[in-house]
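Engineer: I have a structure I would like to understand better, so I am pasting it below and will then ask my questions one at a time.
The values are calculated or read from the model by the stated rules, or taken from the named source; none is laboratory data. From a predicted model like this one, the values you see are computed outputs, not experimental measurements. Reconstructed Cβ throughout: ideal geometry from the backbone, glycine too, with neighbour counts over all protein chains shown. Quick note on the areas: whole protein, heavy atoms, side chains included, nothing else; ligands and nucleic acids left out. Shrake-Rupley method; radii C 1.70, N 1.55, O 1.52, S 1.80 Å.
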Amino acid sequence: MNRRFLPWVVFTLCLSSAVWAQPTPSARPRLLSDSSTPAWLPRGALLGTFIRNGAVAPEVRLQWQFVFFQGRTDTLGLLIEPTASFAAVKPDSVVEDDTVPLTSLQLYSLVLGLGYTSRRPSGFEWGFQIGTGPAWYAARFRGGTKDEESYFIGLLDGRARVGYRVGPMALGVFVGYGDPYNYRRTSLSRSYVGGLQLGLYADWR
């Protein structure tokens, strides 16, 4: 199987298994912190894209959630997010006044963070998430002084999200921004990592 499609297969399988494991709407948890999904399984997933300097990189994230504060309509929890991203649209050149195309770019990270969610009795919900963690990105070029590069960096990102709970699952959209840190300034591809983040999320807590 093409490794570029593996993250999407994992995303689909986890999402499907989580849906089938949920109780019927009449038996759904009364509190946001309640869940029929075991803590060792993911309780959410995101499917989105990073956009930066002409590069467009679809990404998939699974999300483990551990709620430590429960209010009447809101929660605050710890998040663990493994991420995989591959550039689908790449710049024509990564070197100014020269033709050195970026032929491939991929990013893997493990983000640890905090997530806040507020849910109304109607099912409408909103919230935000912010996190940081180690990441590895690799890129390949054609026609320049080097053919490829591979670096470990730090990644910081955050997002706001709005959605609605339909039966046992909340579905919605998110917008955010990500930025690498602790990177080498000589890297040709660092300015295409992270950026504006747009996408969809599913939460089956």
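Engineer: Hey, what D do you get for the stretch 37-191 in µm²/s if you plug the Kirkwood alpha-carbon radius into Stokes-Einstein at 25 °C and 0.890 mPa s?
Structural biologist: Details: Rh = 17.1 Å.
Using the Kirkwood radius from Cα pairs, D works out to 144 µm²/s.
Engineer: Highest mean first, what order results for 112-120, 96-104 on Cβ atoms within 10 Å?
Structural biologist: Output ranking for 112-120, 96-104: 112-120, 96-104.
Engineer: Another one. Would you mind counting up the charge near Arg120? Only other residues with Cβ under 13 Å from its Cβ, with Lys and Arg at +1 and Asp and Glu at -1.
Structural biologist: Net charge around Arg120: +1.
Engineer: Per the Debye formula with a single identical scatterer at each Cα and no solvent contribution, what log10 I(q)/I(0) holds for the stretch 49-89 at q = 0.34 Å⁻¹?
Structural biologist: The calculated log intensity ratios at q = 0.34 Å⁻¹ are -1.05.
Engineer: Next question. Using a 1.4 Å probe on the protein chains only, how many percent of the accessible area of the stretch 96-188 belongs to carbon and sulfur?
Structural biologist: Carbon plus sulfur share of accessible area: 61 percent.
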